[in-house]
Structure formats: C-alpha cells, structure tokens
Amino acid sequence: YDYKLWKRGLIIDTMRGNFLKIDRHKYVRVAYHGFERISPTTRKHLYSRAFNKVVSFSESNFVNMDTLFQFVDAHLFALLINIRDKGDQNFLNCKTYKEIYRDIRESVDLCHRDGIIKDEVARNPEKYIVIDKGLFPMLRNYRIAGLKVFLLTNSYWEYTMQAMNYLYHEKHVDEETKKKNEWIDEFDVIIVGSCKPKYMLDPRLSLFRVNPVDGSLLNTDGLYEIKALEPNGADKFLSAGKVFQGGNWKHLQAMLEIEAGEEILYVGDHLYADVLRSKRTLGWRSAFIMPELEEELRVFSKNAPILSSISQLRRLRDELSIFSDSIKKEKNEDFSRKLKEIEEDDSLIKDKLRCLNNNYHNTFHPVWGAMFVAGYQDSRFAFFVQNYACLYTSKATNLGLSSAARAFRTMSEMLPHGKLIADCTTVYKENTSSNDETK
C-alpha cells in the first residue's frame, strides 16, 4: 500500500474500474484504469459529452475521494482491477468492477465497526496521532474571549476518550489518568457517535447523555427537556453532563444558545460531511483542514517561473488569434500565406505549452498533478473548496494565530470581462460605431 499514489479530489468510476481527475466544468483531464493510464482517445470516448447525454459524475457508480481514508479503498480497488484484468484469479472473473468495489467498501466498513483499526490506534497513539502543542492553548484563548467551543465527531466515546487524552497530555498515560478526562473541561459541549452527515440532515435523531466514567448512555428528551428547564434551560441541561452521543444539529444549536447557523464556525477535514453539508444545509461557517496544503504551496512557490511562462504563452496564443481575425477582415494578397504562418506558429506554441504544463503538474504529483488545477482550469476539488469552505488551511491551530475577534473577509471576485479590464496590460478601446451589430 502506497498512499503517495493518490490525491484527494479524484473520482472513482466503480462501473468501469477507472480513476478520474476532472475540472470544474466536469471535463475529464486525467484517467486511469487500475494503475494503467487511459489514452486521450479512449478517455474522450468514455466521458466526453454527447448529444442529449452529459455525465454529471453524481450517478451511483461514481464515488468522490474526499477524505484521506478513501486512499485505502482506491489502492485496494486498483490492485484487484489489475488482478482481474490479468485473469490470474478465477473468483474475480465472475465479479463486475462495481461488485469488487462494493466488497472492498463493506470490508473496510467492517474494520471500522468492529474496532480493529481504532483499537490499534489506541494501543499505539504515538504512531498514528500527530500532537499539536497549539491545540489546547488555542481552545482556552477562545473560551477566555467568550466563545463557546464544541467537539463533534463520528467516533464513539471509547476511542474519543483515548485520542483526546493522548492529545491533552501529549503522551500515552495510564488508565487512572485517562479516567479523569481532564480534557473535557476545555469544551462547552462534546458530541460523539454523531453519524455525520445524517447529524446535519435528520432532525429526528435522538440525543443520549454519556457517562464519562464508564461510557454508559442515558436517554434525554433533547429539545423538549431544554425548553422545559427554561429560563437558562441550556445551562441547566449541560450542568448534568456535557458529553453526548448522537442527536442532531438542532440539539447542538440549542445547547450553544444560538439562533442562526452563521454563528457557528465548524472546522473539519471531510469535504462532504464536514464542509459541503454543513454549509449548504445549515448555513454554518466552515473551515476546511487540508494537511496537503503546505506541500502544495511549497511546490507552487518553487515552480512560479514555469507558471509564469505558461501564462505568457497562453496570452501569446490569444494575441495570435486576434491577429488572425484582423487578417481575415483585410483579405489582401498575402491573406493565405499569413494565416498559414499563424497556424504553424500556434501549433508550435501549443506543443510547447503542452510540454510545459505537463512538467508543471508533474512537480506536484507524477500521476495526478496539482490538487487545485486540472489542465488549465480549477479542478473539481478546487471548485468545491472555493464554493463551500469559508476558510481553508493546513491545520486547525493555524486559526489560533489570529485573535478571536479577527474578521476574515472574502477576496474581490470578478467575471472574466472584469479581470480583462483590470489587467494593466489590456488595451481597452470603446466601440464608438453606431452599428449595433456585434463585432
């Protein structure tokens, strides 16, 4: 297993056994079948738009690789695809690619459900969990500033307790120390076993109170209980214990005593369950955590000269197209010769651009290229980050570098015509012709 072979933001076509990287316009830029690259001709035949048929990539056979967990699924799937295609194992010959992927998903889900993965992490947390010394100082500063802090996780109490004790004490501690659960005091509300994204969709999910001593659960009446305890119903409700399992977003907002979703800044590393769903459905502010961002920025900065050359050559192609249009209008005796020269020059520039762009992408990843770019366009991954993440950064504690009162403002956005006019190299000539025909 080599996690370095994969990137977040890819799409798995489980019906064909293909792995895809698409741009924001849903055009497939890179495609692999298992570990074998698909030729441009085959790729376009499979995924290019046809009359009355546009692939949305939201169909049931497409799976989005939005989390680092899915690298395992992808690698297993690619290995089994290669084995099946070679015909080395008879038991795979009777299975479709979609059935193989379904079996992988069920097997990995079982590993998560039966605890075999998390039990290993709990035994050796130093091997799997990265300690960030800025985490709890940041949480304390937020609470001192009057902000409320909550923990919302799909993990159940047993694993959450193990992981949080390790992060809090910055070492593996004995059972007696774990039972104290001193880290709980750093939060206003703690919710485990939340079942995201259902937590943000189903208002009928029940809320249970967790006993931190033994992990046992007690029924609560949720919103009805909080309202019945008014005035100060939330404070009275939390005074009986602030660790819960399950529930839904309505319980959380009632316990935090907020009226609108925009009062919450939710920090998570799952593009769908954390960012897209919380923003689109509930209107929460979102901060997307991307550990890969630091490396992407490092490579981007190092290869800025290549990107500059690519931009210049693309601009040169635009200028050649404009020049070609002007010649077509003149139609003098050199008309044909000049157009042929322009076509030859454009072909040379196009070949140079293709080579430069491939080299640029290969510096990020030899297979999938830059995470935020597909070809010359924003990747699908970049499109969703830009549209649904209010903030994004490489680690949560980067937020602690700013004060709790800091306001983060959006950058100015422009349509292409606005960018063209704002470009200092653009020569803008107002059309003074009285002819209304578009020229």
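The values are calculated or read from the model by the stated rules, or taken from the named source; none is laboratory data. Everything quoted here is computed from the prediction, not taken from an experiment. Positions of Cβ are generated from backbone atoms using ideal geometry, with glycine treated the same way; all protein chains shown enter the neighbour counts. Ligands, DNA and RNA are stripped out before the accessible areas are found, and what is left, the full protein with its side chains, is counted by its heavy atoms. Shrake-Rupley method; radii C 1.70, N 1.55, O 1.52, S 1.80 Å.
Ranked by the mean number of other Cβ atoms within 10 Å of their residues, highest first, the peptides 153-159, 187-193 fall in the order 187-193, 153-159. With only Cα atoms counted, segment 165-215 has Rg and Dmax values of 14.0, 39 Å. Each of the peptides 393-404, 15-26 was scored by the mean count of other Cβ atoms within 10 Å over its residues; in descending order, highest first, they stand as 15-26, 393-404.
Rounded to the nearest Hz, the phi-derived 3J(HN,Hα) couplings of segment 227-237 under the Karplus curve 6.51 cos²θ - 1.76 cosθ + 1.60 (θ = phi - 60°) are 5, 5, 8, 4, x, 6, x, 5, 4, 5, 5, where x marks glycine and proline.
Taken along its principal axes, the alpha carbon cloud of segment 11-62 reaches lengths of 31, 24, 19 Å, longest axis first. Packing-based ranking of 2-8, 248-254 yields 248-254, 2-8, ordered from highest to lowest mean Cβ neighbour count within 10 Å.
Calculated on the Cα set of segment 266-400, radius of gyration then Dmax: 21.1, 69 Å. The DSSP beta bridges internal to the chain are antiparallel in roughly 65% of cases.
Residues whose amide H lies under 5 Å from that of SER394, counting only those 5 or more places away or on a different chain, are MET290; hydrogens are built 1.01 Å from N in the peptide plane. Direction-averaged projected area, Cα convex hull, segment 132-190: 4.0 nm², rounded to one decimal.
Taking only the C-alpha atoms of segment 180-247, the Rg (one decimal) and the largest Cα-Cα distance, Dmax (whole number), read 12.3, 34 Å. SER308 exposes around 50 Å² of accessible area when a 1.4 Å probe is run over every protein chain in place.
Scaled against 2.2 N^0.38 Å for its residue count N, the alpha carbon radius of gyration of the chain is 1.22.
Checked against a 23 Å cut-off, the cross-linked pairs LYS148/LYS227; LYS198/LYS279; LYS7/LYS53; LYS44/LYS86; LYS44/LYS350; LYS118/LYS178 give Cα-Cα distances beyond that limit for LYS7/LYS53; LYS44/LYS86. Measuring with a 1.4 angstrom probe and ignoring ligands and nucleic acids, PHE91 comes out at about 120 Å² accessible. Placing unit charges on each Cβ (+1 for Lys and Arg, -1 for Asp and Glu) gives the chain a dipole about its Cα centre, and among PHE408, PRO40, GLN70 the Cα reaching farthest toward its positive end belongs to PRO40. Rounded to the nearest 20, the size of the Cβ-charge dipole of segment 291-426 about its Cα centre is 320 debye, with Lys and Arg at +1 and Asp and Glu at -1.
In this Cβ point-charge picture (+1 for Lys and Arg, -1 for Asp and Glu), the chain has a dipole of about 860 debye about its Cα centre.
Pairs spanning more than 30 Å between alpha-carbon atoms, out of LYS180/LYS236; LYS127/LYS236; LYS171/LYS302; LYS21/LYS302; LYS127/LYS179: LYS127/LYS236; LYS171/LYS302. Once a ≥ b ≥ c are taken as the square roots of the eigenvalues of the Cα gyration tensor of segment 53-187, is the result rounded (a/c under 1.5), prolate (a/b larger than b/c) or oblate (a/b not larger than b/c)? Prolate is the answer for segment 53-187, as a/c is 1.5 or above and a/b outweighs b/c. The orientation-averaged projected area of the convex hull spanned by the Cα atoms of segment 159-295 comes to 9.4 nm².
Placing unit charges on the Cβ atoms of the charged side chains and taking the dipole of the chain about its Cα centre, the candidate lying farthest along the positive direction among LEU353, VAL385, LEU135 is LEU353. When the alpha carbon gyration tensor of segment 322-368 is reduced to an equivalent ellipsoid, its three semi-axes come out at 35, 9, 5 angstrom, largest first. Maximal additional length on extending the LYS302-LYS171 stretch stands at 43.5 nm, based on 0.36 nm per residue less the C-alpha distance. Applying 1/(1 + (r/R0)^6) with R0 = 35 Å to the Cβ-Cβ distance of SER48 and CYS195, what FRET efficiency is obtained, to the nearest 0.05? Step by step, r from the Cβ atoms, then E = 0.35.
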